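To keep things clear, I will list the structure first and then write my remarks on it.
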Amino acid sequence: MSEKGSRLQQRLSKAKLLSIKDITTLSTIKQIVQHDGVLGLWRGTLPTIYRNVPGSGLYFYTLHHTRTFLSSFTFDNRPILNKSTINLSGGVLARVSVGFVMMPITVIKIRYESDLFQYKSIYDAFKSIIRTEGVSGLFAGFGATAMRDAPFAGIYVYFYEHFKIIGNNEKINPTLVNMTSGLFGGFMATLITQPFDMVKTRIQLKPQEYRNMFYAFGKIVRNESFAALYSGIVPRMLRKSFSSAISWTVYEEFIKRYI
């Protein structure tokens, strides 16, 4: 899903003669299979694992301690911040801080998946970026990434906890409540933050052409239409919703059993 979303956004960035309606998720899958074979759909799996496994662990660790810290602020033995504010703020702070730490592998993943670069390996991608762009190249697109991840995490945690309360009130199986809440939370957060993901991908693929977040927004809307900001939303929505639902269900079960 990650590979298809990145390729779909990339194809739109290169399109000159095709209209946006001619470039779809299915046509992108077909193009990948024709060019790279079926295994091309799994290109970038290794850097994705390198990013997501430690990234998820760091995120949940940071989120847990951030929410605990924010909950500790009291006045007259009453919490200063309500639960919704703690969830929203905790999600934002945890995601941005972890996103910065994991940014280099994110850039390498995006470049490695793209057919704009002919990297032989992950290490080759790392060396090439350092050689041509310096260390700052490993953090290309962090502004747009933060603008995507901060609201995504905050919105996700907010809706996740909200849907979980509704499910628990109906006395549904807790695991099913966590999974369903994760799906709905991922859907809402992805829908709202998709334009920032599109801009982030463009900056990371073509940093010379898309100099910063605001310039990239303007250029995409001016040259391709506002709808282009939502290219790749279907595979991203499926990927984020299901991966988030699984991650949060595992997290909730871990907290319940061991903490």
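The values are calculated or read from the model by the stated rules, or taken from the named source; none is laboratory data. Since the structure is predicted, the reported quantities are computational estimates derived from the model, not experimental observations. Neighbour counts are summed over all protein chains in view; Cβ atoms, including those assigned to glycine, are modelled from backbone coordinates with ideal geometry. Side chains included, ligands, DNA and RNA excluded: accessible areas come from the protein's heavy atoms. Shrake-Rupley method; radii C 1.70, N 1.55, O 1.52, S 1.80 Å.
Screening residue 61 against (1) of a type outside the set (D, E, K, R); (2) modelled with pLDDT under 90; (3) farther than 20 Å from residue 119 by Cβ leaves a single unmet condition, (2).
Scanning region 11-18 finds no residues that are at positive phi, modelled with pLDDT under 90, part of a loop (DSSP other than H, G, I, E, B) and out of contact with any Cys (no Cβ under 9 Å at 6 or more places or on another chain). Among the residues of region 95-136, none is identified as modelled with pLDDT under 85, surrounded by fewer than 15 Cβ atoms within 10 Å (Cβ to Cβ) and either more than 26 Å from residue 36 (Cβ to Cβ) or within 17 Å of the chain's Cα centre (by Cα) (or both).
Can we say residue 44 is modelled with pLDDT of 85 or more and within 18 Å of the chain's Cα centre (by Cα)? Break it down into steps so the answer makes sense when it comes.
Numbers: modelled with pLDDT of 85 or more: no; within 18 Å of the chain's Cα centre (by Cα): yes.
No, not satisfied.
Applying the condition of being open to solvent by 50 Å² or more (accessible area, probe 1.4 Å) and in contact (Cβ under 8 Å) with a residue 24 or more places away in the chain to region 79-91 and asking which residue is farthest from the chain's Cα centre (by Cα) yields 83. Residue 180 falls short of the stated requirement of being closer than 15 Å to residue 99 by Cβ, out of contact with any strand residue (DSSP E or B) (no Cβ under 6 Å at 6 or more places or on another chain) and among the β-branched types (Val, Ile, Thr). Quick check on residue 157: is it over 24 Å from residue 111 (Cα atoms) and surrounded by 20 or more Cβ atoms within 10 Å (Cβ to Cβ)? Judged against the criteria, residue 157 is a match.
Going through region 110-128 one residue at a time, which ones are of a type outside the set (Gly, Ala, Ser) and touching a Phe, Trp or Tyr at 6+ places or on another chain (Cβ under 7 Å)?
Of the residues in region 110-128, the ones of a type outside the set (Gly, Ala, Ser) are 110-113, 115-120, 122-124, 126-127.
Listed by number, the residues that qualify are 111, 112, 119, 122.
Looking only at residues of region 55-72 that are in contact with a helix residue (DSSP H, G or I) (Cβ under 9 Å, 6 or more places away or on another chain) and over 20 Å from residue 253 (Cβ atoms), we find that the one that is surrounded by the fewest Cβ atoms within 10 Å (Cβ to Cβ) is 69. Just name the residue that is nearest to the chain's Cα centre (by Cα) out of those in region 240-259 that are assigned to a helix (DSSP H, G or I) and of a type in the set (Val, Ile, Thr). Among residues in region 240-259 that are assigned to a helix (DSSP H, G or I) and of a type in the set (Val, Ile, Thr), the one nearest to the chain's Cα centre (by Cα) is 246.
Any residue in region 166-179 that is within 22 Å of residue 57 (Cβ to Cβ) and of a type outside the set (A, V, I, L, M, F, W, C)?
yes
Count of region 222-239 residues, restricted to those that are part of a helix (DSSP H, G or I) and open to solvent by less than 50 Å² (accessible area, probe 1.4 Å), is 7.
Could you please give the count of residues in region 137-154 that are of a type in the set (A, V, I, L, M) and buried (at least 22 other Cβ atoms within 10 Å of the Cβ)? So that I can check it myself, show each step before the final result.
Narrowing region 137-154 to residues of a type in the set (A, V, I, L, M): 138, 140, 144, 146-147, 150, 153.
From the residues that got through so far, the ones that are buried (at least 22 other Cβ atoms within 10 Å of the Cβ) too are 140, 144, 153.
Number of matching residues: 3.
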